[in-house]
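Notes to accompany the following structure.
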Amino acid sequence: MDPIAALLPSPAPFTLDPLAGDAGNRRYFRVRQGTSYILMQLADPEGFKQSEEAVTGEVAIDELPFLNLQRYLAAAGIPVPELIATDMAAGLVLLEDLGDLSLMQSIDGAPREEIAARYRAAIDILLRLQRGTPLDNGCVAAHRDYTEALLLWEFDHYVEYGIEVLHGTPLPAATRNELGARFAGLARRIARQRPVLVHRDYHSRNIMVRPDGSLSLIDFQDALMGPPTYDLASLLWDPYVTLPEGLAGELTSYFLSQDPEAKRDGFEPLLALTALQRLFKAAGRFVYIDRVKGNPGFLADIPACLARSATILAEVPELADLRDILVELEPRLAG
């Protein structure tokens, strides 16, 4: 029997349409059989049991992280696609169809207040994710940590790919050591925050708008425990979206109004540092995906990463010395 047909709730005929995507070892299809579903096909189901991102504390589990986290998030009331059926031998996962409208697409040309309302809704979900998700030893995210070492590795990933590989020039050892020391100090400060559940890729392309207007999360398989600034930085300093002037600050205030504990932790300075780390990591990763995985689709987003990084470097006084070093290596960071 056709393994796809075996997943469907009815023996009736169905159609299968491929969906555009950039998910590496995953392919997606829309299955229509009266109701529509999303079919995720894994090129290597066993390999997919390991995180696609670098992690600290990865543990062996007997199920896909995506399925493990879907179960925990759904049980906690976090909006994620419903799981319909699986066939792990064939590497197939059948999911609820959330539609094609991402948060990024939904705000294109929208008035400022509509954009603000959608982002406040995304922040509401983020707050629930951080403070209301019950984790135990059966949840893969409970065994992964955004440690100082991992944050520093991601800074180094930017230096290697976003500077050296992109510009074709290895850095002198003294420059690399100086950058490493400064990045280590930033990583230490970011990592010292209280740990919460972190989606790790919480941005406008991974938040879907359902037909009823509510939001739902996708691509949560790399979730881990980390700083509460991380996902908010991903959302508000998203390289794929330019928010209206001043809205990021308003949304930060909204987040803090809903989470007084974060405000006591000196949240806003750490948020800026986390955004810088996240943007550097993304810029390096985009070059890596091009040079190592052969997918140049993200190279066009590097200028936005660098422009947002340049703004942070210019606005945060303590980063002045780091800015001086980086501008010599990447002139676009001068702003």
Q. Fully extended, how many nm does the chain gain between Asp324 and Gln33 (0.36 nm per residue separation, minus their Cα-Cα distance)?
A. 98.9 nm
Q) Counting alpha carbon pairs within less than 8 Å and at least 6 residues apart, what relative contact order, in whole percent, applies to region 193-234? A) 58 percent
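How big is the shadow of the Cα convex hull of region 204-247, averaged over all directions, in nm²?
Details: hull surface 16.7 nm².
Computed as one quarter of the Cα hull surface, the answer is 4.2 nm².
Taking a ≥ b ≥ c as the square roots of the eigenvalues of the Cα gyration tensor of region 129-242, is the shape rounded (a/c under 1.5), prolate (a/b larger than b/c) or oblate? Show your work: numbers first, answer last.
Details: a/c = 2.63, a/b = 1.57, b/c = 1.67.
Judged from the Cα gyration tensor, region 129-242 comes out oblate (a/c at least 1.5, b/c at or above a/b).
Once the convex hull of the alpha carbons of region 186-335 is built, what does its volume come to per residue, in cubic angstrom?
On the way: hull volume 21.0 nm³, N = 150.
Given the Cα convex hull of region 186-335, per-residue volume reads 140 Å³.
If you rank Asp87, Asp156 by fewest surrounding Cβ atoms within 10 Å, what's the result?
Working: Asp87 14, Asp156 19.
Least to most surrounded, the residues fall as Asp87, Asp156.
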Q) Dividing the alpha-carbon Rg of the chain by 2.2 N^0.38 Å yields what? A) 1.02
Q) How high is the relative contact order of the chain, given as a whole-number percent (alpha carbon pairs under 8 Å, six or more residues apart)? A) 16 percent
Q) In what order do Thr15, Thr252 fall by count of nearby beta-carbon atoms within 10 Å, going from fewest to most? A) Thr15, Thr252
(Q) For a quick check, take a GNM of the chain with Cα springs below 10 Å and name the residue from Lys281, Lys263, Lys293 with the largest mean-square fluctuation. (A) Lys293
Q: Please give the FRET efficiency for Ala90 paired with Thr242, using the beta carbon to beta carbon distance and R0 = 41 Å, rounded to the nearest 0.05.
A: 0.50
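Any read-out appearing in this document is the output of simple, stated calculations on the displayed coordinates, not a laboratory observation. These numbers come from a predicted model, not from an experiment. All Cβ positions, even for glycine, are placed from backbone atoms using ideal geometry, and neighbour counts span all protein chains on display.
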